[in-house]
Amino acid sequence: MMNPIKKMLILITALSSLLILSGCSSLDIEPWVKPYERQNLADPIMRFGRHPIANMHVAHVLEARESARGAEGTGGGGCGCN
């Protein structure tokens, strides 16, 4: 026989999980960016790195400082070999 407190905890957990899951499915989510505003996000000034040579230098400095290759998504291991 189960302890009444344990039964109550299981019931509360099940009901709260059901409430949370049903609450997420009923949301009517619309995109925040309207179609006519997307041209502003496609502007080159919105890019993270606007200067490719400077980005390569920063990546090189980061790899040298971390003493590992591959920190920027490139192949290689921590030994420095390719």
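The values are calculated or read from the model by the stated rules, or taken from the named source; none is laboratory data. Please read these numbers as outputs of a predicted model, since none were measured by experiment. We work out accessible area using only protein heavy atoms, side chains counted, and drop any ligands, DNA or RNA first. Shrake-Rupley method; radii C 1.70, N 1.55, O 1.52, S 1.80 Å.
Here Met46 fulfils each of the conditions (1) at pLDDT 75 or above; (2) open to solvent by 100 Å² or more (accessible area, probe 1.4 Å) apart from (1). For the range 49-65, residues that are open to solvent by less than 70 Å² (accessible area, probe 1.4 Å) and β-branched (Val, Ile, Thr) total 1.
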